[in-house]
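Scroll down for the structure; my scribbles are underneath it.
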Amino acid sequence: MTLNLRQKQTECIARMLNLNQPLNATGTANEEVYKILIYDKFCQNILSPLIHVKDLRKHGVTLYFLIDKDRKPVHDVPAVYFVQPNQSNVQRIVSDASRSLYHTLHLNFSTSIPRPLLEDLATGTLNSDSTHRISKVHDQYLEFVTLEDNLFSLAHKSCYVQLNDPSAGDREIEELVEKIVGGLFCVLATLGVVPVIRCPRGGPAEMVASALDQRIRDHLLSKNNLFSEGGNFVSSFQRPVLCIFDRNFELPVAIQHDFRYRPLVHDVLGLKLNRLSVQGEKGGMRSYELDSSDSFWVANGSLEFPEVAVEIETQLNKYKKDVDEVNKRTGGTHGAEFDGTDLIGNTKHLMNAVNSLPELTERKQVIDKHTNIATTLLGEIKERSLDSYAKKENDMMVRGGIERGELLGVLRGKGTKMDKLRFAIMYLISSESINQSEVEAVEAALRESEVDTAAFQYVKKIKSLNVSLASANSASRSNIVDWAEKLYGQSISAVTAGVKNLLSNDRQLALARTVEALIEGRPNPETDSYLSFDPRAPKSGSGASSSHLKGPFKEAIAFMIGGGNYVEYCSLQELAQHQQPAKHIIYGTTEILTGVDFVEQLTLLGQKMGLGNVASTSTQ
């Protein structure tokens, strides 16, 4: 059984669009009903990477609107609502029903609707005498955004700040943990699997793992069980392992510049919900979609940028050769652009040429798209020396530092303010020890470039707490809010103690190495202390481990609390492919962040602690 999250979520949405009727082999309902789709902003983001307008038409959706927009009545047509279960959406639904905007309302909530809201819905429709308008109410458990077959995000903004905010109270953090647990529960319910859960001790990862374990246990006792697996103890080889981590586990990955195609496109061009806009050849902006339907993106996303440029050239030459071949066979002009007009020759060749036309046209579109994206990237790389940033940051992590002259040269050289700030923080994290005069020189260089140093000072402050933290007894530090210092400090301490925890010679990230150890299930000093939870097993002591929880596993879900990125995603996909036999790894996170996004969250934390020169916070 291979877990394909994108396929599973798409199937659930198709069923929802067909009024929750069973679908036939073509993925549509047996009886076509024309309908209207109403969604909120969050659910629009869920639909966007999965369903295109032509797909909506296929499922009989003729019109679609945001719920908070004013809409005109369409009396004889059913409406499918796909919204989050919150107060404003419920009020709007009651208003729509009372005004008889649509013939019937099929309500689909992105996750389970709390009882008080359900009562509000019932009371509101009863008072307006419109209960007959509500056809059905469904909890869909789809509150996550699937970007690729093996990549999802809960789209929870600023989780890192909320978890590490020194002023955050226990109540706020518990609410956030509950929200993350709800999103993960939706993912597991959609996949229909109960995983074995592993996580490091302490901090957000343990809280989420423990609460998720309890949530699944409670659900397994209910009548409407969403998990299709049979049997009480399915062997670990048939169940996935869910590995939960906190962003502080490996901080540099969220900050560094990376030179691989997928991370570069995301970081530099702002890939969002699989879409981006770049300057077109003839002026004006061109919008592109990059998803699993783009074979070039799938095949080359993990390559370094220069290799991608070579591959584009190779594909273009192959395309030209194939066009020449078709033209030769049909008596066309050598080297002519293949447009289907210059076709003469015998019928057989003519038919072959006609049949190959759509495929050649599509290939040309993909080549043009990636040529345009690569050209735009190249311009940014040259202007900002991004290749140099990526190489020097990697060297710093491997060597555990950088020469002072080289360091200050980078900070006074090319690049945006944010590039320089990210480089300075990477220097801070990679250094074995803090050299006070060097750090002051770095801060002075940043101020020269009018960079707000709040994020730099925040990391410096947390790092300086290492000594006292190492000796602090964790049992005496019971306050949840202490994560901010405790975990952040420990993670940086782990970095400074030995670079091997970050990048080995083959550039394998600590996350990938740890997930590999958890999948293989062999004794390993890095993961032996990890907690294990099995929601299907009788409850024993907290995180007690038994042999069936150790693996090995064929499939894994790695989840990062506090923001993930395409660098980690690429690293895990490479790991999965290089395993013998190949394993299957899904990567998820609370939100997908660029290096700039993450450093902005560090800046906010620094400002909350009264750090930084608030002269300029611009990223340019």
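Condition (residue is assigned to a loop (DSSP other than H, G, I, E, B), free of Cβ contacts under 8 Å to residues at least 60 places away in the same chain and open to solvent by 20 Å² or more (accessible area, probe 1.4 Å)) applied to the stretch 589-602: is it met by at least one residue? Scanning the stretch 589-602 turns up no residue that is assigned to a loop (DSSP other than H, G, I, E, B), free of Cβ contacts under 8 Å to residues at least 60 places away in the same chain and open to solvent by 20 Å² or more (accessible area, probe 1.4 Å). Would you confirm whether or not the stretch 284-293 contains a residue that is under 18 Å from Glu380 (Cα atoms) and basic (Lys, Arg)? Yes, the stretch 284-293 has at least one match.
Against the definition (under 14 Å from Ala558 (Cβ atoms), modelled with pLDDT under 95 and not acidic (Asp, Glu)), how does Arg198 come out, yes or no?
Criteria met by Arg198.
Counting the residues of the stretch 74-101 that are surrounded by fewer than 19 Cβ atoms within 10 Å (Cβ to Cβ) and part of a strand (DSSP E or B) gives 1. Evaluate the following for Lys157: is it open to solvent by 10 Å² or more (accessible area, probe 1.4 Å), within 16 Å of the chain's Cα centre (by Cα) and within 22 Å of Val83 (Cα to Cα)? Yes.
Between a first residue in the stretch 49-64 that is within 12 Å of Ile13 (Cα to Cα) and a second residue that is of a type in the set (Gly, Ala, Ser) and at pLDDT 90 or above, which pairs have beta carbons less than 9 Å apart while being 6 or more apart in sequence or on different chains? Short answer, once both residue conditions are applied: Ile51/Ala14; Asp55/Ala14; His59/Ala14. Just to be sure before I move on: is Tyr458 touching a residue at least 60 places away in the same chain (Cβ under 8 Å) and part of a helix (DSSP H, G or I) in the structure I sent? When the stated conditions are applied, Tyr458 passes them.
Summed over the stretch 538-564, the residues that are at pLDDT below 85 and among the hydrophobic types (A, V, I, L, M, F, W, C) give a count of 2.
On the given criteria, is Ala470 modelled with pLDDT of 75 or more and surrounded by fewer than 18 Cβ atoms within 10 Å (Cβ to Cβ)?
No; evaluated as a whole, the condition is false for this residue.
Meeting the requirement of 1 or more residues that are farther than 25 Å from Asn274 by Cβ and open to solvent by less than 10 Å² (accessible area, probe 1.4 Å), no helices (runs of 4 or more DSSP H) wholly within the stretch 1-67 can be named. If only residues of the stretch 439-467 that are out of contact with any Gly (no Cβ under 8 Å at 6 or more places or on another chain) and polar (S, T, N, Q) are counted, the one that is most open to solvent (accessible area, probe 1.4 Å) is Ser464. Across the stretch 201-210, which residue is farthest from Ser532 (Cα to Cα) among those that are modelled with pLDDT of 90 or more and open to solvent by less than 30 Å² (accessible area, probe 1.4 Å)? The selected residue is Pro204. Scanning the stretch 322-343 for residues that are surrounded by fewer than 16 Cβ atoms within 10 Å (Cβ to Cβ), at pLDDT 75 or above and closer than 15 Å to Glu362 by Cβ gives a single hit, Asp322. Just so you know, in the stretch 102-134 the residues that are closer than 15 Å to Ile38 by Cα and within 35 Å of the chain's Cα centre (by Cα) include one that is surrounded by the fewest Cβ atoms within 10 Å (Cβ to Cβ), and it is Ile134.
Within the stretch 45-62, how many residues turn out to be touching a Phe, Trp or Tyr at 6+ places or on another chain (Cβ under 9 Å) and either at pLDDT below 95 or not β-branched (Val, Ile, Thr) (or both)?
6
Can we say Ala475 is loosely packed, with under 15 Cβ neighbours inside 10 Å and modelled with pLDDT under 85? Yes: the conditions hold for Ala475.
Mind checking whether some residue in the stretch 569-585 is surrounded by 21 or more Cβ atoms within 10 Å (Cβ to Cβ), part of a loop (DSSP other than H, G, I, E, B) and at pLDDT 90 or above? Looking through the stretch 569-585, none of the residues is surrounded by 21 or more Cβ atoms within 10 Å (Cβ to Cβ), part of a loop (DSSP other than H, G, I, E, B) and at pLDDT 90 or above.
Restricting the first residue to the stretch 405-420 and requiring it to be free of Cβ contacts under 8 Å to residues at least 40 places away in the same chain and farther than 20 Å from Ala454 by Cβ, which pairs with a second residue that is open to solvent by 20 Å² or more (accessible area, probe 1.4 Å) and in a helix (DSSP H, G or I) meet a Cβ separation below 6 Å and a spacing of at least six or different chains? The qualifying pairs are Lys414/Arg384.
All conditions but one from (1) closer than 27 Å to Ala122 by Cα; (2) out of contact with any Asp or Glu (no Cβ under 9 Å at 6 or more places or on another chain) apply to Leu184; the one that does not is (1).
Restricted to the stretch 178-191, and to residues there that are open to solvent by 10 Å² or more (accessible area, probe 1.4 Å) and not charged (D, E, K, R), the residue that is nearest to Phe227 (Cα to Cα) is Ala189.
Those strands (runs of 3 or more DSSP E) of the stretch 221-321 in which 3 or more residues are open to solvent by 30 Å² or more (accessible area, probe 1.4 Å) occupy 275-279, 285-289. Taking the stretch 391-404 as the range and being within 24 Å of the chain's Cα centre (by Cα) and either without any contact (Cβ under 8 Å) to a residue 60 or more places away in the chain or farther than 21 Å from Thr453 by Cα (or both) as the test, only Asn394 passes.
The values are calculated or read from the model by the stated rules, or taken from the named source; none is laboratory data. Predicted model only: the values in this text are computed from it and were never measured. Here Cβ is always computed from backbone atoms with ideal geometry, including for glycine, and neighbour counts include all displayed protein chains. With ligands, DNA and RNA removed, areas are computed over all heavy atoms of the protein, side chains included. Shrake-Rupley method; radii C 1.70, N 1.55, O 1.52, S 1.80 Å.
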